[in-house]
Amino acid sequence: MQRRTNSIQNRRGLPAKIIAALLISMLAIGTTGCAGDQAAGQDAEETEVVELKLAHFWPASHPIETQLVQLWAKDIELATDGKVKIVSYPGETLVKAADIYDGVVNGISDVGISCFAYTRGRFPVLEVFELPGIIYNNSTVASNVAWEGIQTLNPPEVQDTKLMMVITTGPGDLFTQTPVKTLADIEGMQIRATGLSAKTLAALGASPVAMAQSEAYESLSKGVVKGNLGPVEVLKGWKQAEVTKYITRTPFLYNTLFFVTMNADTWNSLSPEVQAAIEEVNAKHFAETASGLWDAQNSEALAYAVDEQGMEVITLDDAEAAQWIDLVTPVQQDFIDAMAAQNLDGQEIIDEVKALADKYNAMYE
């Protein structure tokens, strides 16, 4: 009987010890689990990826995509430890060329690259960088002039987005289906142009037709327009050497300014550390790639157009060029008058840009 009683007591006492041990173990596991969950949550928060949509109008094979956008996006992802990832939508697959700036403002895309000139009148101060009669040796010069000039002038028209960098084509030329050697040859000719370039062509007696570069090939092939005013790179990058025959060198007529900009709310949502990292990447890619992106393209395209497509290069003689310059110089006065209507000193703005052009022309001959 005693042995049976001890056995019963043991069976009653043992579960109590086990239960106590289990409770302690469960409490420890629960505490560890909560801490683990909290740590996991913090890790997830720290590595959360912000994916940004980038819209532009160039084809996916264009150097703006292959040499700038893809490498710039990769470096931003690395510099932000994977927190910011940029996904590119080239070829107007997300937003049409003329709507890209507004698309960024309205959040259709987070980042956009396009021409300021595609929205005529929207960027009145920035038109100074496209005025005829200001000489830029190349796109490196023109891009540096524009970027420093924008920092100095700080125009109100670009305050609704975060401007990352600007890019220019540098001086451009006329590409036509019939030879243009004199002003008489261009009289009444329908030529694709946008923004201030259209006004410049009108001053020469031509008939400018506004359209994006993405529309020019088809319009030239169908005879809707008879020529184009633009950087030489379009002859290869946009295949326009296939639908034009003559290149008239007109370095005093043209410069186009492109923007790379981000939605303001998107920018402001990023931490100061991430913003600083992106700014550093921007500066690197502007200096090493963007500022001179069109120089290499223009040189390569000219060789392609002449050697492979048989285009003829026409150089205006000094007397003829002087007549053209005289006709387009009043466009500068129109700019001064437009600035006066906004209580801005247009002559002072032009003088600032000319001084910057002298500075950078001496640096990049």
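No lab work stands behind these numbers, since they all come straight from the coordinates. Computed from a predicted model, the values in this text were never measured in an experiment. FYI the Cβ positions are ideal-geometry reconstructions off the backbone, even for glycines, and counts take in every protein chain you see.
Each of L52, I167, S219 was scored by the projection of its Cα onto the charge dipole of the chain, and the greatest displacement toward the positive side belongs to L52; charges sit on the C-beta of Lys, Arg, Asp and Glu. You can think of it this way: the chain between I325 and Q190 has 46.6 nm of extra reach, that is 0.36 nm per residue less the Cα-Cα gap.
Taking GluC sites (Glu not before Pro) across segment 48-137, the ones in a DSSP loop with at most 10 further Cβ atoms lying within 10 angstrom of their Cβ are E48.
Using C-alpha pairs below 8 Å separated by at least 6 residues, the relative contact order for segment 238-314 is 73 percent. Put +1 on the Cβ of every Lys and Arg and -1 on every Asp and Glu Cβ in the chain; which of T152, M262, A79 then has its Cα farthest towards the positive end of the dipole? Checking the options against the dipole of the chain, the answer is A79. Just to confirm my numbers, what's the Cα centroid distance between segment 253-289 and segment 47-90 in Å? With segment 253-289 and segment 47-90 each reduced to a Cα centre, they are spaced 12 Å.
Nearest 20 debye, what's the magnitude of the dipole of the chain about its Cα centre given +1 on Lys and Arg Cβ and -1 on Asp and Glu Cβ?
Details: 25 positive and 48 negative charges, 519 e Å.
About 2500 debye.
If R0 is 35 Å, the Cβ-Cβ spacing of T152 and A303 corresponds to a FRET efficiency of close to 0.45.
Starting from the Cα gyration tensor of segment 115-223, take the square roots of the eigenvalues, sort them a ≥ b ≥ c, and report rounded, prolate or oblate (rounded when a/c is under 1.5, otherwise prolate if a/b is larger than b/c, else oblate).
Details: a/c = 2.17, a/b = 1.81, b/c = 1.20.
Prolate shape, in that a/c is at least 1.5 and a/b is the bigger ratio.
Restricting the trypsin sites (Lys or Arg not before Pro) of segment 185-223 to loop positions (DSSP other than H, G, I, E, B) with no more than 12 neighbouring Cβ atoms within 10 Å leaves K222.
Go through (1) 30.6, 133; (2) 26.7, 90; (3) 24.6, 77 and flag the label whose value is the computed Rg and Dmax of the Cα atoms in Å for this structure. Computing Rg and Dmax of the Cα atoms in Å and matching it to (1) 30.6, 133; (2) 26.7, 90; (3) 24.6, 77 gives (1).
Restricting to DSSP H runs of at least four residues, report the calculated mean residue ellipticity at 222 nm for the chain, -39500 (n - 2.57) per run over all residues, nearest 500 deg cm²/dmol.
Values: 14 runs with 175 residues, N = 365.
After summing the helix terms and dividing by the residues of the chain, the value is -15000 deg cm²/dmol.
Nearest-5 percent of antiparallel DSSP beta bridges in the chain? Could you put the intermediate results ahead of the total?
Working: 19 of 37 bridges.
Looking only at bridges with both residues in the chain, the antiparallel portion is about 50 percent.
For segment 96-217, a crude dipole built from +1 on the beta carbon of Lys and Arg and -1 on the beta carbon of Asp and Glu, taken about the Cα centre, is about 120 debye to the nearest 20. Of all aspartates and glutamates in the structure, those lying under 13 Å Cα to Cα from K284, and not within fewer than 8 positions of it along the same chain, are D75.
Placing pseudo-labels 7 Å out from each Cα toward the beta carbon at A276 and D102 gives an inter-label distance of 3.9 nm.
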